[in-house]
Each structure stands twice: as structure tokens, then as C-alpha cells.
Number of protein chains: 2
Amino acid sequence: MRQKLNLVKNAAGRLVPTEINGKKQTPFQGVNKYKPTGHKAAPPIRSCTDYPADGNKVVNSLQDALKKCGLKDGMTISSHHHFRNGDLVMNQVFDIAADENVKGLRWFPSAAFPCHKPIIEHIKNGVVDWIEGSLNGPLGNYASQGGMRGTGVLRSHGGRWQAVQDGEVHIDIAVIAAPTADLFGNATGDRGPSACGLLGFGLVDSIYADKVIVVTDNLVPFPCIPWQIQGQNVDFVVVLDKVGEPEKIISGTTKLTKSPDRLHIAELTAKFVKESGIMKDAFSFQAGAGGTSLAFAIFLKEMMKDADIKARFIRGGSTKYLVEMLEEGLTDYILDGQTFDLDGVRSMRENSGHQDTSPFTSYNWHGKGNFASMLDVVVLGATEVDVNFNANVVTHSDGKMLHGIGGWQNCLFSKCTVLPIPAFRNRIPVIVDEVTTLVGPGELIDVIVTERGIAINPLRKDLIQATKNSGLPIRPIEDIKDEIDKLIGGPPAKPTLTDEVISVVKWVDGTVIDSIFKMKK
Amino acid sequence: MRQKLNLVKNAAGRLVPTEINGKKQTPFQGVNKYKPTGHKAAPPIRSCTDYPADGNKVVNSLQDALKKCGLKDGMTISSHHHFRNGDLVMNQVFDIAADENVKGLRWFPSAAFPCHKPIIEHIKNGVVDWIEGSLNGPLGNYASQGGMRGTGVLRSHGGRWQAVQDGEVHIDIAVIAAPTADLFGNATGDRGPSACGLLGFGLVDSIYADKVIVVTDNLVPFPCIPWQIQGQNVDFVVVLDKVGEPEKIISGTTKLTKSPDRLHIAELTAKFVKESGIMKDAFSFQAGAGGTSLAFAIFLKEMMKDADIKARFIRGGSTKYLVEMLEEGLTDYILDGQTFDLDGVRSMRENSGHQDTSPFTSYNWHGKGNFASMLDVVVLGATEVDVNFNANVVTHSDGKMLHGIGGWQNCLFSKCTVLPIPAFRNRIPVIVDEVTTLVGPGELIDVIVTERGIAINPLRKDLIQATKNSGLPIRPIEDIKDEIDKLIGGPPAKPTLTDEVISVVKWVDGTVIDSIFKMKK
């Protein structure tokens, strides 16, 4: 069972544990306050003497590879989530671990999806102690009930790179599903029958893990080019019939909204970007893959065309809407961390202006800068926002953990962060007095757009000034909240939670910004 | 002054020091014998808090950048040599160091060229203690006279990566001349007025150095794509009028030979590759940039066309001859570590099949394999070969150090290593009883091709068998040597050297394979 954790109040006033899964933690100290010390993780020095001179690292089966990697009790096994809900490899990995009678593993995916529901059985049977990564759907639900033996750790994409790079998380075996690879282990996601675009979420694993297995269903003659993953970091190559179902990359979050309210919010958001002067030649933007964000991009595209404005770059998660903008010459580049549909995959393969990125380039807080802070504007979702502009993206207002952080926290460092959100969902208000879980500090969140008006963070006097005469429905956030509460009949009930921490939320610098508590039965 | 070094006999029977420049050394233990332990170098953890949020790392001058990097006595300053004899940056760096009254620096270039002759003055005036890298021309000559205060260390391209990666060489400040860069420090060599192709020799510096300065004469709006060097590793960007003279990339070594003897040797080499069965569909080869190697590639190309054979990949140093093969469809890929002429530069920019590589992918012995051992055949030069197939590439038979190792040692791990060499140069025989300096152990060198016949290493019974009925002039190496000695009038005089070590030669695994001694005046 999970140990009873000692909680302290961090700089955001949140109760967080000082130790998780046996490792000391630093409580959140405020934005830009924590300064890391020490050196990056240092993988063992290898020698070509121990690797086949002809470059052929192919072994007979996934089981063989795992055994050759020395799979044993208590190890950390990592994986990427570029197949999203179409991954076909990781359930097999833990089935093999069960066959081999291995216990107490930590699974360290960049995200887990509903397709990984069978791993709940491996938690129950002792093969897996806990999952450390974004938990969506059934796994999040299971963890919220207190089902894991270890404490969950939610990290942003950049935070995951930071944690591995800084040695907070040591990966014993990385399993990298690859749509195309050669026998040496060079691998790419942009081609092959299971093409998923890129493999950037697995890059840090390939660099820092003790042992690396590339699993492919499309073995090509050396060299596999591009080599998004480099064979010089790979120990073994496994060929399976099928590693993923790329058609399942498209999750529910990547469908364009049809709701008139959300379309209205999306249009208001685009108008804000235009009226505030952010939309200008050579500007840059990023929009998430949620339905409203997609609609925002479409509205913005029309406004850019009307005004004859071209972006210098757009950050993906790419979708067909962004690809159209690239191919119509509305941007020089898509800098893409994750393809959200098959048009994105195709474009990454075909367009030299569609550049794959990794959390190192885009999000890692413990580097010499990253791309996120250079964005002119980023448009993101949220499950809750409070009157101080603090936002939540991992739990619902009942406290249940159902979403990962993704690049959300990292993106808050853009020059302007806009959250288009509906005023309420299922009659539950989205603007609250205090967020259930703090994921993004209010000082980094600049604008909230609802169907009932736009609230600008009072810290952003420049934006208030710029949009003063725009005719946009700009209102204090408290006003919008009051209006919603009146409509619903008062603020929502506080969630009923125990005092048992089932997961923590890390800030981009590795400190603990909040805890997620077990739900009452 | 250099300390008097304690010498021991290594596994090759060569006298080598046990300590160099204050660091303990491991004597060469034999091919594939030394097993490294420990972990890779671990650079300090940085934080975005300390870097500009807008990504703009441009400072006013090279002097500013060096001062902000904390330039001080005793530091190690590194640079790459992609401009070869056309580098315009490094002399400026040491002039600035002199202005700042900094003393005792170690310069750690991937190679130094005649254009760096002014740095001899900086050795004399105490700014630079010694140069650790390939020394060509005047610097090699100066070092051979005992001019440096530290002991030189000659490493292969792969050995340089290995030394930095393994922490043997800690770089304080890396100066990366870049033909194109953005304000964030992303940089590429494949475009811009000073385009030199790629920046692979500077990659390890960018990853492991404490501080990294990108120096460019072509600042483009973010993002600079491709980003051969990633801005996330860069501290400062400096803009100069001109960073290099790409027309000087073409050195004397990259001119096609006109000598009838050498053309004959080149043709014999190509015939050997054909008759031995190495030239077959999807094969791979690498040929150096020397005049004979270039001629070999041209002969081989015609044989490939006649036999309707296509290579899977060719390894560069690229030249217009290799580019023609790519563009005529005679190979799927050029895997290129260094562009040797402007056609190579253009092709790297234009052809998706012209892939830039780095010593990490190609040569690093302390990785999980590298590309060199996957080559079907490699054709290299040598200054001397002995009857046991040992070869020398760094000193002349008078003992003077005039060449770097380049990728030469790394390439010896190919499936077949062929050295086409003239039987003698300036009436000095090239085949000797014992090489002046041991750079490549004979067990890795398979074939010697001279205008007086081809010698196959007796270890390679397979090659002897394959070419038995080929009609090629295959002879024992001793026979060829005897014939040459008789022509010249006896074997060459031994060089007259002191017992003072002025430089060592490292093997690919970081052990010391031989010493280079100071010449007698």
C-alpha cells in the first residue's frame, strides 16, 4: 500500500507531500523561483565491442528483447504515446512481464490511454506497482479510487524531459514503438503502414535509458532516414506484425466542435487575437487539439487571409487545419510535437516546412531556453479556472483525475495565454472560487474567453489597453462568474475527497505544485 | 615546459606515456580489448529562468560573448573545422583572449589548418598552452619542434566524440562558427553566404560544453531550419561580417590526381572491389578525399554503371563525384560527415538523400554501435604501411607530424579496408619494416594497393579466395617491399628523433596507441 504522506503547504498555498515513492520532493516555490543545481543524468558508457559489428540488433521476439535487457522486479519501463489510443505494444510488454513472473514495475509512459485498460489487471496482480505519467480515462478513474500501490506523478511534456534529464526518473528499459526502423535501431514515425508522424516523446527515453528496445512493424534496409530515434542509442530491435493503429491517433479531443456556444467562443478568441494586435506578419501561435481550439484556428485562418497576414511558425499538435495553412502559404513552418491526425502525418513526411520537434526543443524548462516562451499566443483548454486566473486541466470539479497535462503547463510561458472555455459544463460552472487542482498559476494565464464575455488578467495592462476600443465583450472575471452562478443557482459543491494523496502534479521545474486526493466512495 | 613523461610499452609494443597534461592514461590494450566503465559526462542542469524568454541570445560582439562565458586562465576552448582552411573565427577568439590578458588556454579544435598559423604567436606569448586536435601544416611542424607547452593529443573524429562524451576532455567554452543561425542559437551549415555543409564536428561540443557561443554571418528569423545545432544548447549568439571562406574548404587533398601511377592504383583498387564481389547491389562504400580515393570513386562509378549496380549508401566526405552518383541514381543515400567541396554543400541543402551525420552516428566507439563497421568497403590513404599491415597517417617517415587522423581509425572497422598507396614518395618507400608512428593496427587493414601490385592481409583468407582467379596482380607484401627497396637502393633511414614526447596518438577507445617524438634539430 501507499505510505501515508507528510504534507506541507507550498508557495501556492497547496498541500503537497515532501516525499513521493521514496524520493524527496521540493514543494513549488513560485513561478521562476526554483533554481536547479547539480548535473544532468549520466548514462553508462557503452562500447561497440559489445554490439554487433554488422549493425544487426534484431532479436526474435519482444520477450527475448526484454530478457536480454535484464527485465526484473522493481524496474522502470518507459514508452511514448504517439499512437495515443492505438498503441498495440505496451499491453504485450506487461503480459510478458507477468509471464516472466516479474513484480513491482513502474510504468513511465509519456501518457496512457483507454486502450491500456488491461494494465489495471497487472496492477491488481502485482506486476505493475504504479503508473507515472498522464492517465486518461479508465486508468485515471482507477487511480482516483486509490487503486495504485505507488503515488501517481503528473508531469507536463517538458516536465517529463526535465525529470529524466535531471535524473529524477531513471529508466531501466525504454520500449519505443516505431512505424519504421532499420536493423541498427534508427527509427522514424513519419512513414510505414503504422505511421504516427514523429517519435519526439520517446527521444529522452532513447538518450537516457539504460536499455532501449525499438519495436517496429516495418523494417527497412539501413539506413532508415529520417532517424528521429538514433540507432546509436538502441540495444535491440524487435519486429512485430503491427505496432499501432494510426487511425486511433484521432481521439475525441481532436474533433472540431459543432456546438454553437463553443464556435462562438472560438470566434471570440480569434477576434481577440486580431484586435489585440497579436495577429501580425511573422507572428506565431499554438492551439491545442480540443474542438474549440481547432475552431479557433479556422476562424483565425480566415482573418489572416482577409488581412493578408502570414505567420512565421505555428506550433502543432498538427491537424489537417494546420496542414492546410502550411500548404496554402499562411505560415512558413509548423513546428510539431505530435501529429493529431493522418494529414499531420502525411505533411510531416512530405513538407520540408513541417518540422518535428521534441520536448527538449519545445518545453524542457531545464535547458538553455525553449520554444514555448517565444510563441506570440497560445490557445489552450481547461477544466476549471478560478477568479485569480489559476487553472486546472487534470481533474474535474468532482476531483476525479481524467486528463494528462500534455504541453499545457509549458505553453503557459508564451507571450499571451488564452483559455477559451464554456461558462459551464453539464450545469457545473467552469469559473470557480478556487480550482480543485492547481495546474497553472494565474499569473501566467492572461485571458479567459467564455460565451458570456472575455476576462483579461489585471496583470496584463498592455492587453487591456490594446483591446479597450475593440468592441469585444471584455468584463471582469468576477462579473462573469457571478452571472453564471446566478444562472446555475449558486457556486458548485466542493468535491468530497479523502485526505489520501493518490497523485501529485509537478510544475515545469520538477517541484510539486499540487496533490490529487482519493475520492470518497 | 612540458613535463618529462614516464613511458611504458603498450600492447602494440609502442612506448607511450602513462600521464599526459596531468591526466592519467590507459595504454592501448589491443583491438576490442579495452572495456570502458563509468558514466558519460554530465553537463550542468540549466534553467530557462536564466535565459531570455523571447529567445534572443544575440550579444554585441565576440568579445562580449567570451566575457559573458567567463573566459579565464586555463580554460579549454573548442571549435569545429568545417571551414577547413577558410575559418575566420578562431584567430579572432585568441586575439581577444590576448587582449583580455588571459593565459594558459587549451585549444581543442576538431582540426587546425594552415590558416591558424597566427596561433603559434599565441603559444609563444602564453595565451595558448597547447592545441589538442589534428595539426596540419605549420602548426604540426611547430609542434614537432617541441613548441607547445602541453602534450598534443591526436584523436580520430570518433575519438574526439568519445573523449568529450566520456569526460576525458571538459570543454569550458565551445565556439561554433555557423553559416546560418537564428537569435535563439539554432544553426545550420547548409545555407547562407558562407555555407559549409554541416556542423557535425561541433555537435558534441554543443551538447557537453559548459558554455556555447554560436557565431554567424547570416542571422535568419527564428526558426533556423534545419537546426543541425540546437539553440537549447546555446548560450550566446554573435553576428560577424564573415565567419568563413567556403571556397577554402577545398584543400590540396581534395583534388583529383593526375599522376598516371596514382590513376593506375585507383583503377586497381576499383577492380579489386569489383572482383572480390564487394561491389554488388545495395552495397556501401566510403572513400576519403585524397586524390587517389577520388579517382577510385570515379572508376568504381563506371564499373557500377556497366554492371547496373546501385549502392544503398555512400559515406562522405562528399565531393562533386559522390553528388553525381547520388543525382544519377547510383546510390540511395550519401551519409555525410563533412562536405569537401561546394557541390557537396549544395547537395546537402537540396537532396533529401544527402543526410548529414556526426561523429556520434558514424564513429563514436563508446556508443551502442556506429556506422563505420557497417560499411562494405572503405578506401583510405596512409603515409606509411609496414609488412604487418600496420599503418601510419599522422607522421612522415622523417617523424614530422603533418596530418590529422580524421575518421581514418574509425573507418578501419569496415568490413574491408583498402589502402591504395604509391610504392614510394619522393624516392622514399611507403612500405616499411616498421611504421614510424602506429595509427592503425595491421589486423584491421585488409588490402594494400600499389602500382606494383596488391597485397592482401593473410588474415583475410576470404578475400584471397575471392580474388584467386581474378587476374589482379596479387602478391605478398614482402615481395612488393623487396622490389621497392631494391629500386631505391635499400630501406629508408630511420628518422632521427629525440626521446621527448610532443604528442600522443589515441586509439578509438581513448587508450594511447603511440607517441610522437620531438625531432632532432
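Tell me whether chain A comes out rounded, prolate or oblate; compute the Cα gyration tensor, take square roots of the eigenvalues as a ≥ b ≥ c, and use a/c under 1.5 as the rounded threshold.
Oblate shape, in that a/c is at least 1.5 and b/c is the bigger or equal ratio.
With each run of n ≥ 4 DSSP H residues scored as -39500 (n - 2.57), what mean residue ellipticity at 222 nm is computed for chain B after dividing by its residue count and rounding to the nearest 500 deg cm²/dmol?
Numbers: 14 runs with 121 residues, N = 521.
Calculated at 222 nm, the ellipticity per residue is -6500 deg cm²/dmol.
Can you pull out the trypsin sites (Lys or Arg not before Pro) in the range A:417-454 whose DSSP state is coil and whose Cβ has at most 15 other Cβ atoms within 10 Å?
Working: sites: A:ARG425, A:ARG427, A:ARG452; in loops: A:ARG427, A:ARG452.
Sparse-neighbourhood loop trypsin sites (Lys or Arg not before Pro): A:ARG427.
Return the FRET efficiency for the residue pair A:ASN426, A:ASP281: r is the Cβ-Cβ distance, R0 is 45 Å, and the value is rounded to the nearest 0.05. Walk me through the intermediate numbers first.
Working: r = 42 Å, r/R0 = 0.93.
Efficiency, rounded to the nearest 0.05: 0.60.
Calculate the spin-label point distance for A:ASN56 paired with B:THR37, positioning each point 7 Å from the Cα along the beta-carbon direction, and give it in nanometres.
Output for this residue pair reads 3.4 nm.
Compute the angle between helix B:90-99 and the longest alpha-carbon principal axis of chain B, please, reported from 0 to 90 degrees and rounded to the nearest 10.
For helix B:90-99, the angle is close to 40 degrees.
What list of ³J(HN,Hα) couplings, whole Hz, do you get for the range A:465-478 from phi and the Karplus terms 6.51, -1.76, 1.60, once you set θ to phi - 60° and write x for glycine and proline?
Those phi angles translate into 4, 5, 10, 3, 9, 7, x, 6, x, 8, 9, x, 4, 5 Hz.
When the Karplus curve 6.51 cos²θ - 1.76 cosθ + 1.60 is applied with θ = phi - 60°, which whole-Hz ³J(HN,Hα) does each residue of the range B:376-387 get, with x for Gly and Pro?
Ordered by residue, 3J(HN,Hα) equals 5, 7, 10, 10, 10, x, 6, 8, 8, 9, 10, 5 Hz.
Note down the magnitude of the dipole of the range B:464-515 about its Cα centre, charges +1 on Lys and Arg C-beta and -1 on Asp and Glu C-beta and zero elsewhere, to the nearest 20 debye.
Values: 6 positive and 9 negative charges, 55 e Å.
Using Cβ point charges on Lys, Arg, Asp and Glu, the range B:464-515 gives about 260 debye.
If you take each beta carbon of peptide A:371-378 and count the beta carbons of other chains within 10 angstrom, what is the mean? Before the final figure, lay out each step's value.
Values: counts 7, 2, 6, 11, 0, 0, 0, 0.
Counting Cβ atoms of other protein chains within 10 Å of each residue's Cβ and averaging gives 3.
Given a cut-off of 19 Å, name the pairs among A:LYS23/A:LYS68; A:LYS400/A:LYS486; A:LYS368/B:LYS72; A:LYS4/A:LYS518; A:LYS9/A:LYS506; B:LYS72/B:LYS103 whose C-alpha atoms lie farther apart than that in the structure shown.
Working: A:LYS23/A:LYS68 29 Å; A:LYS400/A:LYS486 25 Å; A:LYS368/B:LYS72 22 Å; A:LYS4/A:LYS518 12 Å; A:LYS9/A:LYS506 14 Å; B:LYS72/B:LYS103 8 Å.
Correct reply: A:LYS23/A:LYS68; A:LYS400/A:LYS486; A:LYS368/B:LYS72.
For the pair A:ALA11/B:ASN125, report the inter-label distance in nm, with labels modelled 7 Å from Cα in the Cβ direction.
About 4.7 nm, to one decimal.
How much length is gained on full extension from A:ARG312 to A:ILE488, taking 0.36 nm per residue of separation minus their Cα-Cα distance? It would help to have the intermediate numbers written out before the result.
On the way: separation 176, 0.36 × 176 = 63.36 nm, distance 4.33 nm.
In short, 59.0 nm is gained.
Roughly what would the spin-label model give for B:MET303 and B:LYS468, points 7 Å off Cα along C-beta, in nm?
2.0
Could you tell me what percent of the DSSP beta bridges with both partners in the protein assembly as shown are antiparallel, to the nearest 5? Provide the component values of the computation, followed by the final result.
Working: 52 of 154 bridges.
Within the protein assembly as shown, antiparallel bridges account for around 35 percent of the total.
Pull up all non-local amide H partners of A:ALA177: gap of 5 or more, or a different chain, and H-to-H distance under 5 Å with H placed in the peptide plane.
A:HIS80, A:VAL215
Which net charge results when you count Lys and Arg as +1 and Asp and Glu as -1 among the other residues whose beta-carbon is under 15 Å from that of B:ILE309?
On the way: positive: B:LYS271, B:LYS274, B:LYS280, B:LYS301, B:LYS305, B:LYS310, B:ARG312; negative: B:GLU275, B:ASP281, B:GLU302, B:ASP306, B:ASP308, B:GLU328, B:ASP332, B:ASP376.
That works out to -1.
Taking 22 Å as R0, compute the FRET efficiency from the Cβ-Cβ separation of A:ASP398 and A:ASP479 and round it to 0.05.
On the way: r = 26 Å, r/R0 = 1.18.
Efficiency at R0 = 22 Å is approximately 0.25.
Take B:HIS396, B:HIS81, B:HIS170 and order them by how many other Cβ atoms sit within 10 Å, fewest up front. Don't skip to the answer; put the middle values down first.
Working: B:HIS396 20, B:HIS81 26, B:HIS170 16.
Ordered from fewest to most neighbouring Cβ atoms within 10 Å, B:HIS396, B:HIS81, B:HIS170 come out as B:HIS170, B:HIS396, B:HIS81.
Using only alpha carbon pairs under 8 Å that are at least six residues apart, calculate the relative contact order of chain B and give it in whole percent. Intermediate values should be presented prior to the final figure.
Values: 1282 pairs, mean separation 83.4, N = 521.
For chain B, the relative contact order is 16 percent.
Can you spot the aspartates and glutamates whose alpha carbon is less than 12 Å from A:LYS24's alpha carbon? Ignore those fewer than 8 places along the same chain.
The qualifying aspartates and glutamates are A:GLU168.
Could you name the aspartates and glutamates whose alpha carbon sits less than 12 Å from that of A:LYS461, not counting residues in the same chain fewer than 8 places away?
A:ASP446
Counting only other chains, and only Cβ atoms inside 10 Å, what mean value do you get across the residues of A:231-242? Mind showing how you got there, number by number?
Working: counts 7, 11, 4, 3, 2, 1, 0, 0, 0, 0, 0, 0.
Mean partner-chain Cβ count within 10 Å for A:231-242: 2.
Take the alpha carbon gyration tensor of the range B:243-331, find the square roots of its eigenvalues, order them as a ≥ b ≥ c, and report rounded if a/c is under 1.5; if not, report prolate when a/b exceeds b/c, else oblate.
Numbers: a/c = 2.45, a/b = 1.37, b/c = 1.78.
It comes out oblate by the Cα gyration axes.
Past the 54 angstrom mark, what percentage of all C-alpha to C-alpha distances in the protein assembly as shown do you count? Mind showing how you got there, number by number?
On the way: 113725 of 542361 pairs.
That tail contains 21 percent of the Cα-Cα pairs.
Taking amide H atoms as placed 1.01 Å from N in the peptide plane, list the residues 5 or more away in sequence, or in a different chain, whose amide H sits under 5 Å from that of B:HIS39.
Under 5 Å from the amide H of B:HIS39: A:ILE45.
Determine ³J(HN,Hα), in whole Hz, for all residues of the range B:201-218 in sequence, where each value follows from phi through the Karplus function 6.51 cos²θ - 1.76 cosθ + 1.60 and θ = phi - 60°; x replaces Gly and Pro.
5, x, 5, 5, 4, 5, 7, 9, 5, 4, 10, 10, 10, 9, 10, 9, 10, 8
What lysines could a cross-link reach from A:LYS305, if we take a straight Cα to Cα line under 20 Å and drop same-chain neighbours fewer than 8 places away?
Cross-link targets: A:LYS271, A:LYS274, A:LYS280, A:LYS320.
Which FRET efficiency value, to the nearest 0.05, do you get for A:THR498 and A:GLU434 by plugging their Cβ-Cβ distance into 1/(1 + (r/R0)^6) with R0 = 30 Å?
After rounding, the FRET efficiency stands at 0.95.
Rule-based calculations on the coordinates, nothing more; no lab input. If you're wondering where the values come from, they're calculated on a predicted model, not measured in any experiment. In this analysis, Cβ positions are derived from the backbone assuming ideal geometry, glycine residues included, and neighbour counts consider all displayed protein chains.
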